[in-house]
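Below is one structure, written out as structure tokens, with a few remarks after it.
The values are calculated or read from the model by the stated rules, or taken from the named source; none is laboratory data. These figures come from a predicted structure and were not determined experimentally. Heads up, the Cβs are rebuilt from the backbone with ideal geometry, glycines too, and the neighbour counts pull from every protein chain shown.
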Amino acid sequence: MTRRIPPGLIWVAPALSVLAALSIYPLLYLMKVSLTDAHGFTIAHYARLFQDRLFSVAAGQTLLYAAVALTLEFFLGLTLALLVDSLARGRALIRVGLLAPMLLPPVVAAVIWRLIYNPEFGVLNGMLRQLGVNTTSLTWTSGRTSAMLSVILVDVWQWTPFMFLLLTAGLQAIPAEPLEAARVDGAGYWQTLRDVILPLLKPVILLALLLRSMDLLRIFDQIFLLTQGGPGSATETVSLYIYRTAFRFSNFGYAAAMSFVGLLITMLAARGLLRLTVAVPAEPPCVSMRTDVIKLS
Amino acid sequence: MIHFLFVPSLRIGIIGASVTLVLLAGCSRPDSNKALTIAVNAGVEGSALKAAAREWGELRNTRIEVVELPYANLFEKESLDLQSRTGAYDVIMLDDPWFPKLVADGGLTPLPREPDGDFLASTLAVCRSAANFYALPYVGNSQLFFYRKDLFDRYKLGAPDHWQKVLEDGKTIGAGEKIFGYVMRAAPGNSAVTDFMPLLWAFGGDIFDPQGRPNLASPEAIDALRFMVELGKISPPGYAGFNAAEVSAQLLQGTAAMSINWPAWIAAMDDPSKSKVPGRIAFAPMPSARMPGVAELGAWLVAVPAASPHRDAAFDFIYWATDPAQMTQAALRGNPPTRRSVFQSPNLKKNFRAFPAQLAALEAARPRPRTTQWNEIENAFGVSLSQANSGAASPEEAMQRANREITAILERSK
């Protein structure tokens with residue numbers, strides 16, 4: 001007796017095939033490479049991860065980079081979104097201006113900042129010298145402690161607009177009634193922000209944090225162009241180390257093992273944020289939406 | 001909307017014009033079957049080869065595609081192509097320390113005939129593996145010591161022939177001129193290692209001992225790094241993140257008095273459109289210390305990948321580009337030659353004042369260790385050097401760490 005194929009499976013088969021070809025197969029292949037060396041099956045690549053000082057340094061610095069950049073981008077993005085949202089006129093123009101850094105390719109942004117940060121000929125130290133600041137020790141991307149801060153600032157400059165964009169869209173979608181009710185009840189600005197706006201904005205905040213944190217944990221291009229992981233290993237990140245291991249040292253097995261562990265860390269972080277998103281209580285039903293919808297043009 | 005295509009006379013006209021255009025394009029376009037794809041370094045080292053490729057293409061009526069890649073990406077693109085045998089490149093330009101790895105992967109084609117004896121021995125030695133030659137030397141790079149002759153004369157200082165004198169003269173000139181006495185590059189990886197090797201050798205150290213064991217924890221190596229950190233005190237702030245471009249920019253702007261540099265930058269130093277101090281920089285061999293000064297060899301080679309679909313044409317090009325006449329042309333474009341006859345050509349010697357120093361440095365230059373693990377070793381070593389120069393580690397700690405990591409790299413490769 002033959003079993004019938006459920007009709008639903010036939011409909012989702014093309015999508016499943018694409019998913020298998022583009023996501024599942026590469027992941028399985030990555031795992032196979034990470035468990036293989038010239039002699040066959042091995043767990044040596046994973047064992048090496050626990051002894052590799054540079055990997056633990058890179059992993060710690062990646063987490064530090066992501067945590068600091070995410071915090072700064074979120075608070076700056078939220079502040080800007082609230083400020084622009086409160087303006088009566090010129091919001092569209094300010095939005096376009098604020099989004100400009102995000103529209104630049106990361107390579108271009110990194111090159112611009114490399115020139116800005118140059119201790120001798122850069123515009124940043126030049127301006128500080130004009131103000132009478134002694135810039136001898138301000139080496140930015142070349143300083144042992146300032147290098148990480150410098151690359152984080154570039155990320156904040158380029159990606160705060162992304163936070164701003166999402167949070168502005170979230171603010172525009174908040175129904176007018178709860179805000180009016182709060183005002184009628186005599187709530188001040190901070191009380192309205194804390195008890196009405198932020199709770200209603202929570203799903204958007206979590207989505208923004210989720211998207212940015214995944215991106216930040218994979219940071220590569222800016223650091224590669226600005227510091228190459230230096231000075232020493234002061235700005236080495238996991239992605240940079242994986243790239244070097246695979247393409248400079250031709251050690252694809254170890255690079256695959258690091259990628260797999262990096263993927264697991266990112267998935268765990270994303271899973272945590274997703275659970276928070278799901279746990280958010282449903283918004284109160286919207287009676288009427290605000291009419292000043294976001295315009296990007 | 002396109003009903004006009006159905007008008008017979010117009011249709012015939014359009015078809016006729018198209019056929020004529022295709023025929024004309026076919027006549028003027030070089031034979032696409034003979035197209036050559038050449039991977040070159042995007043920098044001063046690659047410019048002469050690009051120009052030579054264009055000339056050869058016109059001469060042989062062959063289409064040339066030059067793929068220009070920055071130093072950091074050139075190796076990985078070439079290595080991937082050679083390992084996967086894609087045949088993407090017919091000719092590749094490679095830095096000499098990459099040669100052992102690319103040959104070990106079986107990615108290069110042995111030369112059909114041995115290079116002639118006019119090539120300098122030091123540059124030919126890095127093109128050979130076992131009994132076969134796999135590449136021809138194109139850019140005769142070996143480090144030179146660049147210094148501001150005008151300032152040395154002004155302060156009545158003799159040529160900087162000893163590292164201690166470099167440090168002292170750098171302090172004197174720096175204090176008197178309000179510029180940096182020295183400039184070096186100590187960004188992690190290739191940059192830091194390249195500027196450290198002449199110091200290491202001059203102090204009597206080396207990366208490996210005669211038995212091939214890592215030897216960076218030796219007193220000589222630690223002393224050399226201590227001295228490098230001292231030199232850092234008269235270098236521009238931030239030198240721990242500098243690469244070749246930043247070092248050359250300091251010299252071209254006249255803000256530093258001395259540095260180690262590559263001959264490919266000599267033309268820029270003498271070019272008034274690029275330099276604020278044209279003609280004021282002199283070029284000398286590496287200073288000595290406990291041992292005579294030795295420069296690091298940084299020759300660029302040209303080779304034909306095993307998977308090249310146009311091997312005959314590719315070999316024709318690399319032999320043509322490295323023959324004495326073409327190398328003379330390349331030298332006129334600022335390319336440091338690899339042939340003795342070109343260095344000794346009276347016409348060229350008149351125009352290129354650094355040729356005698358370049359030839360002397362190239363003849364005595366020492367290559368980096370010939371190992372397939374060089375990229376990984378250089379990275380580990382360079383990170384330690386950069387840490388010492390940025391103050392993140394003491395010279396002792398940095399060298400001991402580098403020694404441990406290089407030992408581990410060699411263990412893993414067994």
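In the stretch B:345-377, the qualifying residues are those that are small (Gly, Ala, Ser) and surrounded by 20 or more Cβ atoms within 10 Å (Cβ to Cβ), and the one that is farthest from the chain's Cα centre (by Cα) is B:ALA354. Taking the stretch B:259-274 as the range and being touching a helix residue (DSSP H, G or I) at 6+ places or on another chain (Cβ under 6 Å) and buried (at least 17 other Cβ atoms within 10 Å of the Cβ) as the test, the residues that pass are B:SER259, B:ILE260, B:PRO263, B:ALA264, B:TRP265.
With a requirement of 1 or more residues that are of a type in the set (Phe, Trp, Tyr), the helices (runs of 4 or more DSSP H) lying completely within the stretch B:276-353 that satisfy it span B:311-321, B:340-344. If the condition is being of a type in the set (Ser, Thr, Tyr), under 23 Å from B:LEU111 (Cβ atoms) and in contact (Cβ under 8 Å) with a residue 60 or more places away in the chain, then the stretch B:46-98 contributes B:THR62, B:THR86, B:TYR89. The residues of the stretch B:183-208 that are more than 23 Å from B:ARG148 (Cα to Cα) and modelled with pLDDT of 95 or more, listed by number, are B:VAL193, B:LEU200, B:TRP201, B:PHE203, B:GLY204, B:GLY205, B:ASP206, B:ILE207, B:PHE208.
Screening A:LEU206, A:LEU216 for residues that are under 13 Å from the mean Cα position of the chain (by Cα), of a type in the set (A, V, I, L, M), part of a helix (DSSP H, G or I) and surrounded by fewer than 20 Cβ atoms within 10 Å (Cβ to Cβ) leaves exactly one candidate, A:LEU206. For the stretch A:120-139, filtered to residues that are of a type in the set (A, V, I, L, M) and without any contact (Cβ under 8 Å) to a residue 12 or more places away in the chain, the residue that is surrounded by the most Cβ atoms within 10 Å (Cβ to Cβ) is A:LEU128.
The number of residues in the stretch B:161-195 that are of a type in the set (A, V, I, L, M, F, W, C) and within 14 Å of chain A (Cβ to nearest Cβ) comes to 8. Taking the stated definitions as given, is A:ILE152 within 22 Å of A:GLN61 (Cβ to Cβ), crowded, with 17+ Cβ neighbours inside 10 Å and modelled with pLDDT of 95 or more? In short, yes. In the stretch A:230-258, of all residues being polar (S, T, N, Q) and more than 11 Å from every other protein chain (Cβ to nearest Cβ), the one that is nearest to B:PRO100 (Cα to Cα) corresponds to A:SER239. Restricting the stretch B:296-317 to residues that are aliphatic (A, V, I, L, M) and surrounded by fewer than 24 Cβ atoms within 10 Å (Cβ to Cβ), the residue that is nearest to the chain's Cα centre (by Cα) is B:ALA314.
Among the residues of this structure, A:LEU264 does not count as one that is within 18 Å of B:GLY382 (Cβ to Cβ) and more than 10 Å from chain B (Cβ to nearest Cβ).
In the stretch B:239-258, what residues are over 21 Å from the mean Cα position of the chain (by Cα) and surrounded by fewer than 19 Cβ atoms within 10 Å (Cβ to Cβ)? Scanning the stretch B:239-258 gives B:GLN253, B:GLY254, B:THR255.
Would you mind stating whether B:ALA48 is modelled with pLDDT of 85 or more and either more than 30 Å from B:PRO305 (Cβ to Cβ) or surrounded by 11 or more Cβ atoms within 10 Å (Cβ to Cβ) (or both)? Against the criterion (modelled with pLDDT of 85 or more and either more than 30 Å from B:PRO305 (Cβ to Cβ) or surrounded by 11 or more Cβ atoms within 10 Å (Cβ to Cβ) (or both)), B:ALA48 qualifies.
In the stretch B:98-143, which residue that is within 14 Å of chain A (Cβ to nearest Cβ) and surrounded by fewer than 17 Cβ atoms within 10 Å (Cβ to Cβ) is nearest to B:ASP312 (Cα to Cα)? Result: B:GLY106. The set of residues in the stretch A:219-229 that are assigned to a loop (DSSP other than H, G, I, E, B), within 17 Å of the chain's Cα centre (by Cα) and either aromatic (Phe, Trp, Tyr) or within 11 Å of chain B (Cβ to nearest Cβ) (or both) contains only A:PHE220. Looking for something assigned to a helix (DSSP H, G or I), within 14 Å of chain A (Cβ to nearest Cβ) and touching a Lys or Arg at 6+ places or on another chain (Cβ under 8 Å) - is there at least one such residue anywhere in the stretch B:81-90? No; the residues of the stretch B:81-90 include none that is assigned to a helix (DSSP H, G or I), within 14 Å of chain A (Cβ to nearest Cβ) and touching a Lys or Arg at 6+ places or on another chain (Cβ under 8 Å). Residues in the stretch B:252-261 that are among the hydrophobic types (A, V, I, L, M, F, W, C) and either within 12 Å of chain A (Cβ to nearest Cβ) or part of a strand (DSSP E or B) (or both): B:LEU252, B:ALA256, B:MET258, B:ILE260.
Could you tell me whether B:GLY204 is part of a loop (DSSP other than H, G, I, E, B), in contact with a helix residue (DSSP H, G or I) (Cβ under 9 Å, 6 or more places away or on another chain) and either without any contact (Cβ under 8 Å) to a residue 24 or more places away in the chain or not β-branched (Val, Ile, Thr) (or both)? The answer is yes for B:GLY204.
Does the stretch B:158-168 include one or more residues that are surrounded by fewer than 22 Cβ atoms within 10 Å (Cβ to Cβ), within 19 Å of B:MET269 (Cβ to Cβ), modelled with pLDDT under 95 and not charged (D, E, K, R)? Looking through the stretch B:158-168, at least one residue is surrounded by fewer than 22 Cβ atoms within 10 Å (Cβ to Cβ), within 19 Å of B:MET269 (Cβ to Cβ), modelled with pLDDT under 95 and not charged (D, E, K, R). Restricted to the stretch A:116-133, and to residues there that are among the hydrophobic types (A, V, I, L, M, F, W, C) and more than 24 Å from the chain's Cα centre (by Cα), the residue that is modelled with the lowest pLDDT is A:PHE121.
Residues in the stretch A:129-138 that are within 13 Å of another protein chain (Cβ to nearest Cβ) and hydrophobic (A, V, I, L, M, F, W, C): 1 in all. Taking the stretch B:347-379 as the range and being within 14 Å of chain A (Cβ to nearest Cβ) and among the aliphatic types (A, V, I, L, M) as the test, only B:ILE377 passes.
Here B:LEU410 fulfils each of the conditions (1) over 30 Å from B:ALA104 (Cβ atoms); (2) touching a helix residue (DSSP H, G or I) at 6+ places or on another chain (Cβ under 9 Å) apart from (1). Number of residues in the stretch B:215-251 that are assigned to a helix (DSSP H, G or I), within 14 Å of another protein chain (Cβ to nearest Cβ) and of a type in the set (Val, Ile, Thr): the value is 2.
Here is the figure for the stretch A:161-188: residues that are part of a loop (DSSP other than H, G, I, E, B) and of a type in the set (Asp, Glu) total 1. Going by the structure shown, is B:SER413 closer than 24 Å to B:SER129 by Cβ and within 12 Å of another protein chain (Cβ to nearest Cβ)? So B:SER413 fits the description; yes.
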